[in-house]
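The values are calculated or read from the model by the stated rules, or taken from the named source; none is laboratory data. Only a predicted model underlies this, so the values are computations on that prediction, with no experimental measurement involved. Positions of Cβ are generated from backbone atoms using ideal geometry, with glycine treated the same way; all protein chains shown enter the neighbour counts.
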Amino acid sequence: MDKNITFTIIKPSAVEDGFIGPILAKINEAGFRIAALKFTHLTEKDAQQFYAVHSERPFFNSLVSFMTSGPIVVATLEKENAVEEFRKLIGATNPKDAAEGTIRKLYGRDMEANAVHGSDSPENAAIESDFFFSKRERF
Ligand code: UDP
Ligand code: MG
């Protein structure tokens, strides 16, 4: 398992708010290498599959509806200890609780529209990256 890879989504709210550039700049400044990147739009089936682990949670339907509401940016990122380092950079799930200077604090709207996704383990980073990118699309 590659411990140096994580996967992120710039969520529809952050794309709509014009934060693609600022978020990519933060990622860059923090020393992550962008290994794959694309602008896309999830179908309902995609979002249900991507968040399948949360399918029994009360927020699931709202989350799927939000994640399909507009275009997103997906990226695979590389850095030593990438998952942990990226979770530090994005901050807590709820932007209200996220530390100053973190991406969710700076660019999140609320608990659901919290600007970005970040993988929670190297195993899931690989699964999530494979969900969006073929080998040929990773550099
Ligand atoms: N989420 C939500 N309400 C909640 C918890 C989570 O809308 O009470 C959304 C939020 O967009 C979050 C995503 O569901 O990023 C996945 O939740 P998770 O607990 O995995 O948080 P994360 O790993 O993104 O910090
Ligand atoms: Mg999570």
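Worth a mention:
- Criterion: part of a helix (DSSP H, G or I) and either within 14 Å of ligand 2 (Cβ to nearest atom) or at negative phi (or both) - qualifying residue of Asp130, Asp97: Asp130
- So Ser119, is it farther than 24 Å from Glu137 by Cβ and touching a helix residue (DSSP H, G or I) at 6+ places or on another chain (Cβ under 9 Å): no
- Among (1) farther than 27 Å from Phe139 by Cα; (2) in contact with a helix residue (DSSP H, G or I) (Cβ under 9 Å, 6 or more places away or on another chain), the one test that Glu56 misses: (2)
- Ile23 vs. criteria surrounded by 15 or more Cβ atoms within 10 Å (Cβ to Cβ) and either free of Cβ contacts under 8 Å to residues at least 12 places away in the same chain or away from ligand 1 (no atom under 14 Å from the Cβ) (or both): yes
- Any helices (runs of 4 or more DSSP H) falling wholly within segment 1-94 and containing at least 2 residues that are in contact with a Gly (Cβ under 8 Å, 6 or more places away or on another chain): 12-16, 82-90
- Close Cβ contacts (under 7 Å, 6 or more residues apart or on different chains) running from residues in segment 109-123 that are without any contact (Cβ under 8 Å) to a residue 24 or more places away in the chain to residues that are outside any strand (DSSP E or B) and buried (at least 18 other Cβ atoms within 10 Å of the Cβ) comprise Asp110/Pro95.
- Yes/no for Ala52 being more than 15 Å from ligand 2 (Cβ to nearest atom), modelled with pLDDT of 95 or more and surrounded by fewer than 17 Cβ atoms within 10 Å (Cβ to Cβ): no
- Phe39 satisfies every condition listed in (1) out of contact with any Phe, Trp or Tyr (no Cβ under 9 Å at 6 or more places or on another chain); (2) aromatic (Phe, Trp, Tyr); (3) within 11 Å of ligand 1 (Cβ to nearest atom) except (3).
- When segment 112-126 is filtered for residues that are surrounded by fewer than 24 Cβ atoms within 10 Å (Cβ to Cβ) and more than 10 Å from ligand 2 (Cβ to nearest atom), the ones remaining, listed by number, are Glu112, Ala113, Pro122, Glu123, Ala126.
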